[in-house]
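Data first, discussion second: the structure below is written as C-alpha cells.
Each reported figure results from applying straightforward, stated rules to the coordinates on display, with no laboratory input. In this text the structure is predicted, and so the values were computed from the model without any measurement. Glycine also receives a Cβ, built like all others from the backbone with ideal geometry; neighbour counts cover every protein chain displayed.
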Amino acid sequence: MRAAVSTREKPRRLAGGSLVAMAVVLSACGSGDTPQNTLAPASERARNIDGLFTFTLILAAVVFVLVQGAIIYTVVKFRLKKGEEPKPVKQIHGNTRLEIAWTIAPALILAGLAVPTVQTIFENAESPVDAIEITVMGHQWWWEYEYTDLGVVTANEMHIPVGRDVFLTLETDTTDVIHSFWVPRLSGKRDVVPGHVNTITISADEPGEYLGQCAEFCGLSHANMRLRVYAHEPADFDAWVASQLAAAAIPPDTDESLRSTGWELFISKGCAACHAVNGTEAAGGGLNPGPNLTHFAQRNTFAGALFERNDENLRSWLANPSAMKPMQPDLNRGMPNLGLNDEEITALVAFLQGLT
Amino acid sequence: MATVVEAPPISPPGAQPKGGIWAWLTSVDHKKIGIMYGVAAMAFFILGGIEALVIRLQLAVPEGSVVAEDAYNQLFTMHGTTMVFLFVMPISAAFGNYFMPIMIGARDVAFPRLNALSFWIFLAGGIFISSSFFLGGFPDGAWVGYSPLATQAEVIRMDFWALGLLILGVASLLGAVNFITTIFTMRAPGMTLFRMPVFVWMQMVVAFLLAFSLPLVTVGLFQVILDRNFGTLFYDAATGGDPVLWQHLFWLFGHPEVYILILPAMGIVSEVLPTFSRKPLFGYQFVVFAGAAIGFLGFGVWAHHMFTAGLGPVAETAFGLMTMTIAVPTGIKIFNWLGTMWGGSVSFTTPMLFAVGFVAMFTIGGLSGVTHSIVPADTQQHDSYYVVAHFHYVLFGGAVFGIFSGVYYWFGKVFGRLLDEPLGKLHFWLMFIGFNLTFAPMHILGLNGMPRRIATYGDGLGWNLWNLVATVGSFIIALSILVFLVNAVRSYRKGEPAGADPWDGRTLEWSTTSPPADYNFAEVPIVDAIDDFWYKKYGEDDNHLPVRLDTDPRDLSAREPDVEHHVHLPSPSYYPILLAVGIVTLAYGFLWLPIGYLAMAAGLGIMLWAIFGWALEDIDHPMGDGNGHGDGGDDGGGRDAAAELVGSGAEGTSE
Amino acid sequence: MAAEVAHTTSGGLDIRKTAMWAFLASELMFFGALISTFLLYRGRTNGGPGAEELFDIPFTSVSSFVLLMSSLTMVLAHNAWERDDQRQLRLWLVSTASLGLVFLGGQFFEFATFVHEGLKLDTSPFGSSFYMLTGFHGAHVAVGVLMLSAMVIISFRVGLSKARGMNVELVALYWHFVDIVWIVIFTVVYLLQV
C-alpha cells in the first residue's frame, strides 16, 4: 500500500567490508536504484560535500590498509605456532622517536584534511544569489512549503526550477518538535528547531524527482515523514507555479454531483478547520494545521509523501487515517478519524481528486 | 549467568558475614560488589540485545510489520539507554570495582559502604527504567532525549527516562568520587601514579570525566522533569525557551560519556596485550597521556553532535578542527598497542583474540569518526545509519570486544576457574563475523540516505539487501552470546582451575589467590616498578632476556594472614541497599501524584532510616560519622574501616 | 593518621578530604550549568517581570553579607576544633547554622516577594532558570545547616575531638564552597543584571 517508490530493488553484488570496497559499491550504484544516495550528488553543494568525503575516504582507506596490514603482519609474524611454548623476549618499554613520529604523521594528515574542510564549510554557507525563497515548516509529521515571493503554498512535494539556487528558511511552530530537512542528493541536512530560524540552500542540476525525509527523530511517525523535490526546466516550473496560483476547482453550489456533496462534507465535517482551500471559506490553520489542499490533485502522493494519491489509498485514509500512518490526533498531531461512512468517503474522495 | 549468587568456591578466613543471599545483599566487599555489577550488567546486556534483535527483525525487509511505530520507538530508545547506561558503564564499574583496588595493592576501595550504595542505586535505577515496560511503555524519545520532544510527550514514559537517568547519575557520581579517592589515597607503598597499570589510569580518567560531566546532564534532566511536571519553560519555544540548550547540556555530558564507555576497554586491552605478548606495554607514558588527553579533549568537542543544528560556519569550523585533534591521541594508542605486540611472543588465547579484535575494529570506528569531523560531510552522515555504523564500531567493536577480552582474561581470577578456550574462540569468531556483517553494511545504508530511528522504510530505496544482511549478522552475534553464556555457566561449575597466575601475568592481581581472599593480600605488597609482579618473577640474563627467578613471589602472598585479627574488614551493612530502595520508592511515588505522595513519604522514611542507621552503625567508631547524609555522599564509617585496613595491613608487614 | 599515611603512596592526602574535593569539583560543574542556563535566559521574560523590576540589591546584599559572615564563624569553629575547645566549637557551629538560617529566611522572603510581583516558576524562562538556580543553592545551604546541626548534637553527646575524625573540616569545606558559589551567583545573577 505504501507505494512511495515504484522502482524495485535489484539484487546487487556482495562486497567486502572494507571502506575501499564500500566506495566501489557505492559509486557503482546508479541513483535510480538508490534515490537517496549521498554519493550521487545532483547539485553544486552536494557535489562539494561528495568530493570532500571521497577525498577523506581515500585517505582513510590508505590509513586503514596500512594499520590493518600492520596488525595482521605483526600478529602473523610474532604469533606462537601450534604447540610452541612462549619464548622469553626483550622487555622493551618504548621508543621516543617512534612516539614522536606517530604523533606527527596523523597530525599532518589531519592538517591536510582540515584545509579543504574549512573551505567547503564556508563555501556551502555562502548566501545564494537570485534564489527562489521557500519557507519550509516542519510539522509532526509532514512538510509545508510556502513560496515567499510566488504566493504558492503546498505540502510534502516541493517543485523547483533546475540550475537555480533555492534558499530554504526552516521553521516550525513553537509547539512542535525538532525535525531535519534532508534531500541527500541535493544537499546536506539542516535541523528545523522550534524558536530558531535555520537556513539552507539547495539546487538541482537536472530535472527529476529527488527523495528525502525527516532526519531528526520527531516522535511517533518520524519514519513516515518523507518528502520529494521535483526539479523542472524553468518553463515547466513557471507553468507549475501558474497552475498552483489558479483558483481551486470548487464545484458550484448548484451542482448535484458527488464532488459537490464532497465539498459540502468537507465543510460540514470540519475538514476545513485544519485544511485550507485557497479562495474559499476553508481557511485551515488552527491548532492542528493540515496540508493546504487547494491543488491536492496535482500531487503524486499524500500524508507525508507516504502514499500514492489514488482512490483506493484515499478511501482507506479517510476511513481511518491512524491505521495507515500512526498519529496522535487527540494531541493535535495528525488527522483525526472523522467516523465517515462509505458514501461520505466516496463523495470526499471524488471532491479531493477533483482539486486539480 | 544471571543467577550466580553463590559464594565463590574458596571461603576465606577472617570476619565473614552470614552466607547465602544475605551476604551478597549486605556485602561491602569490592569484589562481591564487582561481581554483582558484572552479573547485573550482563542481564541488562541480554535485555538490550533482545531489543536490538527485534529492531533488526523489523528492519529486515521494507515495510516491516514485526512491531508498530510506537513499539519500535520504545525499543530503540531503550536499546540505546540500556546498552550505554545499564551495560557498558556498569560492566566497566564491575572491572573497576573488582580489579582497581587489587591492582594498586589495596584491600578495598576508600568507602566500602558507599561502594555498595553505588551498586544498589545503579541496580534500582536500572530496574526503575526497565519497569516502565509494564507501566505504560518504555521511554520513546530516543536515548538522547531531545527536547521539546521529551517535554512534549504527555505519557509518563519520558519521566521514567529522566528520573531513571538521574538515579543512575547519582550511582555513577558516588562511584567516581570513591574511585578517585581510592586511587589517590590507597595505593600500596611504592605504587606511584606512574607505576599504576594503565587499566587503573583509565579508570581514574573515567572517574574524573564522570565527576565533571554528569552534573551537566543532571541539570538538563532536572529541567526536563521540571518542564514536564511543574510548568517551567526551559524548553518551551513559545515563551523563549531554547531546545538547543538541551543539546548543549546533553552533549557536554554525552561526548565525555563516549570516552567513559571506551576508556575502560582501552585499559583492559592495555593489560591483555602485554601479558600475551610477554612484553611490557610499549610507550606506557604515552598511552597514559594519550588517554588523559582524549578525556580532556572530550570536553571540547560536544558540538560536533550538532553540526546540522545551525551553529554557523565559525563554530562549526572550530568544533570540526577540535574533533580532528582527538584522532592524534587515539592513533598514539593504536600504534603503541601494535608496538607492544611487535617483537613479542604472542599467544592467541581468547582474551588476546578479543584484544586484537578490539584494536582492528576500533581503528575502523576511529577512521569513520574522522569523516564526521569533516563538517560538510557530516551534514550528510548525521543521524543516518552511517553514524549508527560508526558508533557501533567504537562501542561494540571497541568497548564490547574490550570487555569480553577482560571477561576471558579475569574470569579465572574472579571465579577460580578459567573459561573454556575452544568455546571462547568459537564465541570470538562468531561475534567477529556477526558484528561485521551487522554493522559494516550500515555504512553503506547511511551513505545511501537511510536515516536512523525510522521504524520502517519504503521499498525501492536500495536499502533492502544490506538491511537483510545486517539482520542476519545480528543473529550471529546473538548466537555468539549464547555460546558465551554456555561457556560461562559450564566453566563456573567445572572449568579448569585457574591457579593464582594462569597467564604468567604482570600486575598485582596475579600475585594473589584465585579468587582472592576477602582481604586481597595477606601482606600489603611493596611495589618497585611498573609490572612489579613480573619483575619479582623474572630477572634478566646477559642478553637482557627474562629468566625465571628461583623465588616465587606467590609464596608470600598466598599464605594465611599472620594474625587473623590484624586485618579488619569492614562489616557488612544493609543500609546501602535500604537507601537505594528508599530512593527508588521516592521516584515511583513521584510518577503517580497525588496518590504517589504516600509512596514518596514511605521512600523518604526509608531513606531517613537508612541514613541514620548508616551514620550510627559503626559502633567501634562513634566519631566516624555525623554527616552521613545523602547529599554530601560522605561515608565516615567506611573511611574508618578503610583506613584501618591500610593501617593494620601495614602493621602486618612491619612485624 | 600520619603513621597510616606513611604506608601508602598517597602523597599525604586524607581520604575523606580527597573525596570531598572530588565531590565539590563535580558540584562546581553543576552550578556552572545552572548559571549558564540563567545567563542564556536572563532576558527572556515572556512579558513577565525581569531582573530590573524585581531585584532589590540592598536587601540581597544584606543577606549575602550574612552568608559571608557565616564563613567567618565557620573558620572560628574550625579553629576551636583544632584547639579542641568544645564550648567555643559549639558556639561557632550554632552561629554558622543560625546565619545560614537567616540567609534561607531572606531567600524565602525574596521568593515570596517575587511571586507576589508576578514572577512564578512558569512565568518565563527567566523565572524558571532564576528559581532553579537560587533554589538549588538554597537547598545546598539547607543541607549545610543540617550538617552543622548534626555536628552540634554530636559535640554534645560525645564531643568532637581532633583525634577522632575530621567532620568539622569536611563540613567547613562544604560550607565555604556553598558560600563561594553564592558570591558568584550574587555577582552574575544580581549585580550584573540590573
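Work out from phi, with θ = phi - 60° and the Karplus expression 6.51 cos²θ - 1.76 cosθ + 1.60, the ³J(HN,Hα) of each residue of segment C:21-38, listed in order in whole Hz, and give x for Gly and Pro.
In residue order, the calculated couplings are 4, 4, 5, 5, 4, 5, 4, 4, 5, 4, 5, x, 5, 5, 5, 4, 4, 4 Hz.
Based on Cβ point charges of +1 for Lys and Arg and -1 for Asp and Glu, what charge dipole magnitude is obtained for the protein assembly as shown about its Cα centre, in debye rounded to the nearest 20?
On the way: 66 positive and 103 negative charges, 640 e Å.
Charge dipole of the protein assembly as shown: 3080 debye, to the nearest 20.
Among B:355-363, C:36-44, what's the highest-first ranking by average C-beta atoms within 10 angstrom per residue? Provide the component values of the computation, followed by the final result.
Numbers: B:355-363: 25.2, C:36-44: 19.4.
Top of the packing list down: B:355-363, C:36-44.
Given H placed 1.01 Å from N in the peptide plane, which residues other than close sequence neighbours of B:GLU540 have an amide H under 5 Å from its amide H?
B:VAL547
By count of other Cβ within 10 Å, fewest leading, how are C:TRP182, B:TRP510, A:TRP182, A:TRP240 ordered? Write out the running numbers ahead of the final one.
Working: C:TRP182 23, B:TRP510 26, A:TRP182 29, A:TRP240 19.
Going from sparsest to densest Cβ surroundings: A:TRP240, C:TRP182, B:TRP510, A:TRP182.
How big, in percent, is the set of alpha carbon pairs in chain B lying more than 31 Å apart?
Numbers: 111180 of 214185 pairs.
Above the 31 Å cut-off, chain B has 52 percent of its Cα pairs.
Based on the alpha-carbon set only, what is the convex hull volume of segment A:149-295 divided per residue, in Å³? Working shown, then result.
Values: hull volume 20.0 nm³, N = 147.
Spelled out: Cα convex hull of segment A:149-295, divided by residues, is 136 Å³.
Please compute the average number of Cβ atoms from other chains found within 10 Å of each residue's Cβ in peptide B:186-198. Mind showing how you got there, number by number?
Working: counts 6, 4, 3, 5, 2, 3, 2, 2, 0, 1, 1, 0, 0.
For this peptide, the per-residue mean of nearby foreign Cβ atoms is 2.
With every atom except the alpha carbons ignored, what do you get for Rg and Dmax of chain A, in angstroms?
26.8, 102
State the three equivalent ellipsoid semi-axes of segment B:424-501, derived from the C-alpha gyration tensor as the square roots of 5 times its eigenvalues, in descending order and whole Å.
On the way: eigenvalues 275, 24, 17 Å².
Whole-Å semi-axes of the equivalent ellipsoid: 37, 11, 9.
In terms of modelled amide H atoms, which long-range or inter-chain residues lie less than 5 Å from the amide H of B:SER384?
B:ARG452
Lysines within cross-link reach of B:LYS31: Cα-Cα under 18 Å, excluding same-chain residues under 8 positions apart?
The qualifying lysines are B:LYS18, B:LYS413.
So which GluC sites (Glu not before Pro) in segment A:252-298 end up in coil per DSSP with only 13 or fewer other C-beta atoms within 10 Å? Let's see the in-between values first.
Working: sites: A:GLU256, A:GLU264, A:GLU281; in loops: A:GLU256, A:GLU281.
Sites meeting the loop and neighbour criteria: A:GLU256, A:GLU281.
Evaluated at 37 °C with a viscosity of 0.692 mPa s, what Stokes-Einstein diffusion coefficient in µm²/s does the protein assembly as shown have when Rh comes from the Kirkwood expression over alpha-carbon pairs?
Numbers: Rh = 32.3 Å.
Using the Kirkwood radius from Cα pairs, D works out to 102 µm²/s.
If the only charges are +1 at each Lys and Arg Cβ and -1 at each Asp and Glu Cβ, what is the size of the charge dipole of segment A:142-282 around the Cα centre, to the nearest 20 debye?
Values: 8 positive and 21 negative charges, 92 e Å.
Computed about the Cα centre, the dipole is about 440 debye.
Let me know the mean shielding of B:317-325 by other chains, meaning the per-residue number of their Cβ atoms within 10 Å of its Cβ.
Values: counts 6, 0, 0, 5, 6, 0, 1, 8, 4.
If you average over the peptide's residues, the count of other-chain Cβ atoms is 3.
Looking at C:LEU146, C:LEU121, C:PHE31, which one has the Cα that reaches farthest to the positive end of the dipole of chain C (charges on Cβ: Lys, Arg +1; Asp, Glu -1)?
Of the listed residues, the answer is C:LEU146.
Between Rg and the Kirkwood Rh of segment B:37-123, both from Cα atoms, what is the Rg to Rh ratio?
Details: Rg = 17.5 Å, Rh = 14.7 Å.
Using only Cα positions, Rg/Rh for segment B:37-123 is 1.19.
Please report, in Å, the Rg and the Dmax of segment C:64-127, where both are computed over Cα atoms only.
Calculated on Cα positions, Rg and Dmax stand at 17.0, 52 Å.
Taking each residue of B:66-78 in turn, how many C-beta atoms of other protein chains fall within 10 Å of its C-beta, and what is the average? Provide the component values of the computation, followed by the final result.
Working: counts 0, 0, 2, 10, 5, 0, 4, 7, 0, 0, 1, 1, 0.
Across B:66-78, the average partner-chain Cβ count within 10 Å equals 2.
Between their Cα atoms, which of B:LYS333/B:LYS494; B:LYS537/C:LYS17; A:LYS87/B:LYS32; B:LYS32/B:LYS494 are more than 31 Å away from each other? Please report the intermediate quantities before stating the final value.
Values: B:LYS333/B:LYS494 38 Å; B:LYS537/C:LYS17 37 Å; A:LYS87/B:LYS32 36 Å; B:LYS32/B:LYS494 21 Å.
Flagged as over cut-off: B:LYS333/B:LYS494; B:LYS537/C:LYS17; A:LYS87/B:LYS32.
Segment C:1-101: D in µm²/s via Stokes-Einstein (Kirkwood Rh, Cα pairs, 10 °C, 1.306 mPa s)? Working shown, then result.
Working: Rh = 17.7 Å.
Answer from the Stokes-Einstein relation: 90 µm²/s.
For segment A:82-150, build the charge dipole from Cβ charges (+1 Lys, Arg; -1 Asp, Glu) around the Cα centre, then report which of A:MET137, A:THR96, A:ILE109 sits farthest towards its positive end.
After comparing all options, I get A:THR96.
Give the order of A:SER127, B:SER172 when sorted by the count of other beta carbons within 10 angstrom, beginning with the fewest. Present the calculation step by step, with values, prior to reporting the outcome.
Values: A:SER127 9, B:SER172 27.
Ordered from fewest to most neighbouring Cβ atoms within 10 Å, A:SER127, B:SER172 come out as A:SER127, B:SER172.
With θ taken as phi - 60° and the coefficients 6.51, -1.76 and 1.60, list the Karplus ³J(HN,Hα) couplings across segment B:50-65 in order, rounded to whole Hz; mark glycine and proline as x.
4, 4, 4, 5, 5, 4, 5, 4, 4, 8, 4, 10, x, 6, x, 10
Excluding residues fewer than 8 places away in the same chain, name every one of the lysines whose C-alpha is closer than 25 Å to that of A:LYS269.
In chain and number order, the partners are A:LYS325.
Using modelled amide H (1.01 Å from N, peptide plane; none on Pro or chain starts), what sits under 5 Å from the amide H of A:LEU170, excluding residues fewer than 5 places away?
Under 5 Å from the amide H of A:LEU170: A:VAL136, A:ASN198, A:THR199, A:ILE200.
I'm checking a number: the convex hull volume of the Cα atoms of segment A:252-356, normalised per residue, in Å³. What is it? Could you put the intermediate results ahead of the total?
Details: hull volume 9.7 nm³, N = 105.
Roughly 93 Å³ of hull volume per residue.
May I have the extent of the alpha carbons of segment B:90-234 along their three principal axes, as whole Å values ordered from largest to smallest?
On the principal axes, segment B:90-234 reaches 58, 29, 22 Å in Cα extent.
Alpha carbons only, please: Rg and Dmax for segment B:183-239, in angstrom.
Considering segment B:183-239 through its Cα atoms, Rg and Dmax are 19.7, 61 Å.
Could you give the size of the charge dipole of segment C:11-55 about its Cα centre, using +1 on the Cβ of each K and R and -1 on the Cβ of each D and E, expressed in debye and rounded to the nearest 20?
Details: 4 positive and 4 negative charges, 29 e Å.
Using only the charged Cβ atoms, the result is roughly 140 debye.
What list of ³J(HN,Hα) couplings, whole Hz, do you get for segment B:316-327 from phi and the Karplus terms 6.51, -1.76, 1.60, once you set θ to phi - 60° and write x for glycine and proline?
Values, residue by residue: 4, 4, 4, 6, x, 5, 4, 5, 4, 4, 5, 5 Hz.
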